[in-house]
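This report concerns only the one structure given below.
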Amino acid sequence: MKNEIRYAPAFSMAEISLAEGEAVVVESGSMVGMSDNMQIKTSIGGTNRGLFGKLLAFLAALIRKVFGGESIFMNTYTPKGGPGRVLVAPALAGDIVHKKVEGGSLYVQATAYLASSPDLTIKTKWMGLKSLFGGEGLFLLRTEGSGELWFNCCGAIKEIEVDGEYTVDTGHIVAFEDTLDFKVKAVGGLKSTLMSGEGLVTRFSGKGKLWIQSHNLSSMISWVIPMLPN
Amino acid sequence: MDIKIEHKPAFAAAVIKLASGEQFAAENGAMVSMSSNIRVETSSKAIGGKGGLLKSVGRLLGGESFFNNVFTAEGAAGEVVIAPSLIGDVERYDLNNQALVVQSRSWLGSGPGVGLETTWGGMKSFFGGEGLFFLRLSGSGPVLFNAFGAIHLIEVDGKFVLDTGHIVAFEESLNFKVKKVGGLFATVFSGEGLVCEFEGKGKLWIQTRNPKEFGSYVGHKLPPREQ
């Protein structure tokens, strides 16, 4: 499996080249183009195992669909009779990160998931009220095992090596290694914390990598809405 | 005529330097700035002296403006700066007695030796809700086209499958057909819907973002439209 990301950071697109027998799982709607020997298999998001896991994945996907406009479905691309390639890009303007996950786990915002190799298990985790990430992050995706992962963001991406403590606006978190602990804290008063889903920051602690995005769709939308005509 | 494309790929704009008497046609509303000796003529006629009202109506159906502007440098050299309304890339292609097919929303401008006519993606694309309209540019001279996102060139030799929302332009040596992405289940649920299969040998330009995908993603977060 080969990866090449071009047109970063505003309009990143990943070209994923597969040898015969390899496959890649891509978020529904993110395929730009592909070689004509690609077979597509559509399935329900996540690779959770067991009935409960599958149910949770479906529920999470449904909630993402309703609140985030994301799709419930994922597509697996497999080249037949030779190598093939798939071009993938997210819907929003922004960058893509490609990461080889080798042991350890990575947490990714559900809306940031773009693609992964089939050997990487992607589980949907209900994070509880702990993770009111910008009002949409009740679920995080958690990787298990080894494999390749592509995630995207809104705007440019910044990788931060946390060693100690680091604070991020909740709407700007994209992904982080599970060696990091996190706590969501109020930055404003109790009312704004409870009512708006804004005014929350996340305090990370420990040692590990953290990816943040320069922009945030919710903030941009709040900027645009007052400009819209009635 | 000298054309420079600046600020690629996010905010691309073209600076067109015209010698005295030279002309350039551009999409209605694309002009950013120009020298004071540039005369602007607005026409509902297709450029290049071809076409007429009917062709213009076709262009309107294709989502393009009914009018286009012809810029002429009068009495001396001058420059025109043009840019698309959306953020994204601009590319240049030089026609030499051949044709280029451009997705109707992607035509930005062209030289006076280039003719323009409307063509479309066939009933299948229409009923598939994709509404593919294309402009066929023919003759000789420079063509500028723009996209939502960056423009990526694919040298097709054989077959290549492209999501319909990502088509920008292609050489006429390529044939295409609109088809389903897989079986019924995949067509309905994959989120990919209809795709375009290009076949032959030639250049295909694609955009790295899909306006519809972007619109529906952002649209979910906007308040509902008042009826």
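In table form, for the structure just shown:
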| read-out | value |
| --- | --- |
| Residue that is farthest from residue A:116 (Cα to Cα), among those in the range A:6-19 that are surrounded by 18 or more Cβ atoms within 10 Å (Cβ to Cβ) and hydrophobic (A, V, I, L, M, F, W, C) | A:10 |
| Selection from the range B:194-210 of residues that are of a type outside the set (Phe, Trp, Tyr) and either surrounded by fewer than 18 Cβ atoms within 10 Å (Cβ to Cβ) or more than 8 Å from every other protein chain (Cβ to nearest Cβ) (or both) | B:194, B:195, B:196, B:197, B:199, B:200, B:201, B:202, B:203, B:204, B:207 |
| Qualifying residue in the range A:33-52 (condition: at the interface with another protein chain (Cβ under 10 Å from one of its Cβ atoms), in a helix (DSSP H, G or I), surrounded by 17 or more Cβ atoms within 10 Å (Cβ to Cβ) and at pLDDT below 95) | no |
| Residue, modelled with the highest pLDDT, within the range A:182-202, restricted to residues that are within 24 Å of residue A:164 (Cα to Cα) and basic (Lys, Arg) | A:183 |
| Test: residue in the range A:108-129 that is within 14 Å of another protein chain (Cβ to nearest Cβ), touching a His at 6+ places or on another chain (Cβ under 8 Å) and outside any helix (DSSP H, G or I) | no |
| Within the range B:1-25, tally of residues that are exposed (fewer than 15 other Cβ atoms within 10 Å of the Cβ) and touching a residue at least 60 places away in the same chain (Cβ under 8 Å) | 2 |
| Identity of the residue in the range B:211-227, touching a residue at least 40 places away in the same chain (Cβ under 8 Å) and more than 7 Å from chain A (Cβ to nearest Cβ), that ends up farthest from residue A:94 (Cα to Cα) | B:212 |
| The range A:1-32, residues that are among the polar types (S, T, N, Q) and away from chain B (no Cβ under 14 Å) | A:3 |
| Residue within the range A:203-216 that is surrounded by fewer than 17 Cβ atoms within 10 Å (Cβ to Cβ), within 14 Å of chain B (Cβ to nearest Cβ) and either closer than 28 Å to residue B:217 by Cα or modelled with pLDDT under 80 (or both) present | yes |
| Test: residue A:82 is modelled with pLDDT of 85 or more and at positive phi | yes |
| Test result for residue B:130, modelled with pLDDT under 85 and at the interface with another protein chain (Cβ under 9 Å from one of its Cβ atoms) | no |
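The values are calculated or read from the model by the stated rules, or taken from the named source; none is laboratory data. The shown structure was predicted, so the numbers you read here are calculated from the model rather than taken from an experiment. Note that each Cβ is placed from the backbone with ideal geometry, even for glycine, and that neighbours are counted across all protein chains shown.
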